[in-house]
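Inspection log for the structure reproduced underneath, given as structure tokens.
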Amino acid sequence: MGMQKDKIYLFDHPTLQNYRIIDGWVKLHGKDVGVIGKNNGAFRFYSEGVIDFHAHLPDLPKEWKKSIIIRGLTATLPGEELISLYEMHSERPSSIEKRRAEALRYEAAFNDLANGILDEVKGYLGENHDPAAVKRFYSLLISFKSRMGRDASSPSLNGFFLGLLAASILDEKQSQLISGKVNQLHELGGIYSDYISHR
């Protein structure tokens, strides 16, 4: 999909952040400074081609003046660097990618901590633990990835740890240590869900 007529597009690049593309014309602070391909005097709208900058633009590298190629919603700079074009008032593609990368990082940290808590609890339970109960415990931990899951699962997890205390499987200190890790998991889940909620 390429640019559409009557819409304003921006470059996802610091050097070109103030430039706008409108109906094949490139504008800077409201003034025409360049044109895409055949739009210069053309009777129809051309959304692809090489940008011809015809104004004096001291902030623009000389080698860019007649060598930025537009294809779809991608601009190719000299040196084959690809940058995205995006519609005005929408989010920058680079910001979306950065948020996705951060979400993956927090998800990995969340999973590592959840697996560590599970292994620790299984160690306290010993070899004769109930697989169904362990599976249920893990599902409660994983549910912390969502805000609704955290709210629903917290009472069940508290009850689980109280049961381990009552059965003398955990002592008070061990229970506090694991509870501290569960609180960390709660925080990581909150950060992760905040990231993915903006996708």
Out of Glu63, Glu80, I need the residue that is in the same structural domain as Ile36 (by TED's automatic domain parsing), under 27 Å from the mean Cα position of the chain (by Cα) and either among the aromatic types (Phe, Trp, Tyr) or over 30 Å from Ser139 (Cα atoms) (or both). Which one?
Glu80
Enumeration of residues in the stretch 162-181 that are among the small types (Gly, Ala, Ser) and either under 19 Å from Leu113 (Cβ atoms) or surrounded by 12 or more Cβ atoms within 10 Å (Cβ to Cβ) (or both):
Gly163, Ser175, Ser179, Gly180
Based on this model, can you work out whether Gln184 counts as touching a residue at least 12 places away in the same chain (Cβ under 8 Å), part of a helix (DSSP H, G or I), of a type outside the set (Gly, Ala, Ser) and crowded, with 16+ Cβ neighbours inside 10 Å?
no
Just to be sure before I move on: is Ile69 part of a strand (DSSP E or B) and either under 20 Å from the mean Cα position of the chain (by Cα) or of a type in the set (Val, Ile, Thr) (or both) in the structure I sent?
yes
Of the residues in the stretch 40-55, those that are among the small types (Gly, Ala, Ser) and at pLDDT below 90 come to Gly41, Ala42, Ser47, Ala55
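The values are calculated or read from the model by the stated rules, or taken from the named source; none is laboratory data. Quick caveat: nothing in here was measured; it's all calculated off a predicted structure. Every residue, glycine as well, gets a Cβ built from its backbone with ideal geometry; the counts of neighbours run over all protein chains shown.
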